[in-house]
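Structure, as structure tokens:
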Amino acid sequence: MAQFNGRFIGSIVVLTGAGISAESGVPTFRDADGLWEQHDPMEIATPGAFRRNPDLVYRFYNARRSMLAAVAPNQAHQALARLQREFAGEVFLVTQNVDDLHERGGSSQVCHMHGQLQASLCTACRRSMHAHGDFDRHSSCPACGAVGCLRPDVVWFGEIPYYMDEIEARLAECDLFIAIGTSGLVYPAAGFVQRARGAGATTVELNREPSEVAGLFHHRRQGLATTTVSALVAELLAG
Ligand code: APR
């Protein structure tokens, strides 16, 4: 059984945000060169935006999906995969990210609460399907054949994130909650630290700079994810 700060740790919940993929070359949302500095999220990442201007939304997500081929997982993704493989207890990895870098970094269990770039959702048959390449309003659903009913299977502002029941259950029973590379500005993910604390967990924030909710964490380690995540995983596995 691992120890953290003198406490025995049997179950861990890890929450990741865009900061864990930044060193792989994937833009974050709110950093100086972030996606929301170049695009108004209300014109891109809402159901209303999709209704008003579907072609713009398709282009945005098609571009981000095709960019995945040009990036690779970094040491932070690989360290978390090692933790999942070698830790004696439970590790539940929930990510706000829609990229596939956790999986390509070796993680087998990844809870994508905001959906995935490489998935399309058919609004006719409600099926979610793997999407490799581009699709748009002229595309037909591979499952039911409906034309013009495919949308990116990502959770937009105003929509309910996926897997919240399971996430809440894991937060209620974990000994250690680790948030990595997230600004703490978007709920419900930004509230996970409070749920974990309320359940008695020890909480740690790993970020390049303090997040909006940094003050709610018992411990904060500032630095680049490739450094801080690798060090924390080594510490947990040694303990
Ligand atoms: N190492 C560690 N942290 C980093 C690094 C790095 N190399 N680079 C950036 N960060 C941190 C930033 O300091 C910031 O706190 O990552 C965080 C990125 O914040 P955001 O861009 O807001 O990304 P995120 O928190 O994942 O956004 C949450 O908002 O727009 C929605 O759905 C979208 O999932 C996204 C959600």
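The values are calculated or read from the model by the stated rules, or taken from the named source; none is laboratory data. Remember, it's a predicted structure, so these values are computed and weren't measured experimentally. Reconstructed Cβ throughout: ideal geometry from the backbone, glycine too, with neighbour counts over all protein chains shown. Surface areas here come from the heavy atoms of the whole protein model, side chains and all, with no ligands, DNA or RNA. Shrake-Rupley method; radii C 1.70, N 1.55, O 1.52, S 1.80 Å.
May I ask for the angle, rounded to the nearest 10°, between helix 225-238 and the longest principal axis of the chain, with both axes built from Cα atoms and the value confined to 0 to 90°?
So the inclination is approximately 50 degrees.
Quick check: the angle from helix 54-67's long axis to the longest principal axis of the chain, C-alpha only, nearest 10 degrees?
50 degrees
Carbon-plus-sulfur fraction of the accessible area of segment 1-61, 1.4 Å probe, in percent?
52 percent
What 222 nm value per residue comes from the helices of the chain, counting each DSSP H run with n ≥ 4 as -39,500 (n - 2.57) and dividing by all residues, nearest 500 deg cm²/dmol?
Result for the chain, helices only: -8500 deg cm²/dmol.
Over segment 2-152, what number does the Rg to Rh ratio reach, with both radii from the alpha-carbon atoms and Rh per Kirkwood?
Taking Rg over the Kirkwood Rh, I get 1.03.
Just name one of GLY145, VAL98, GLN109: the one whose Cα is farthest towards the positive end of the charge dipole of the chain (beta-carbon charges, Lys/Arg +1, Asp/Glu -1).
It is GLY145, whose Cα lies furthest towards the positive end.
Can you give the accessible area per residue of the chain, in Å², using a 1.4 Å probe?
Spelled out: the 1.4 Å probe surface of the chain, per residue, equals 45 Å².
Using a Förster distance of 35 angstrom, determine the FRET efficiency expected from the C-beta separation of ALA63 and THR227, and round it to 0.05.
Approximately 0.70, to the nearest 0.05.
Return the ratio Rg/(2.2 N^0.38 Å) for segment 144-207, where Rg is computed over Cα atoms only.
1.46
Could you work out the relative contact order of the chain, using alpha carbon pairs under 8 angstrom and six or more residues apart, expressed as a whole percent?
24 percent
What part of the accessible area of segment 95-239, given as a whole %, is carbon or sulfur when the probe is 1.4 angstrom?
C and S atoms contribute 49 percent here.
Could you tell me the accessible area of THR182 in Å² (1.4 Å probe, neighbours in place), rounded to the nearest ten?
30 Å²
Quick one: accessible surface of GLU43, probe radius 1.4 Å, all protein chains present, in square angstrom to the nearest 10.
80 Å²
So how tilted is helix 164-173 from the main axis of the chain? Cα-based, degrees 0 to 90, rounded to 10.
Compared with the principal axis, the helix lies near 0 degrees.
In the chain, what percentage of the DSSP-assigned beta bridges are antiparallel, given to the nearest 5?
35 percent
Report LEU224's accessible area, 1.4 Å probe, all protein chains in place, as a number in Å² to the nearest 10.
Per-residue accessible area (LEU224): approximately 90 Å².
Only bridges whose two residues both fall in segment 119-239 count here: according to DSSP, what percent of them are antiparallel, nearest 5?
Among the beta bridges of segment 119-239, antiparallel pairing accounts for roughly 45 percent.
Kindly sort TYR162, TYR187, TYR61 by accessible area of their heavy atoms, largest first, with the probe set to 1.4 Å.
The ranking, largest first, comes out as TYR187, TYR162, TYR61.
What length, rounded to one decimal in nm, is gained on full extension from ALA72 through to ALA146, with 0.36 nm per residue of separation minus their alpha-carbon distance?
Length gained between ALA72 and ALA146: 23.2 nm.
Mind giving me the nanometre distance, one decimal, between the label points for GLU166 and ASP136, set 7 Å out from Cα along Cα→Cβ?
Taking the simple label geometry, GLU166 and ASP136 are separated by 3.5 nm.
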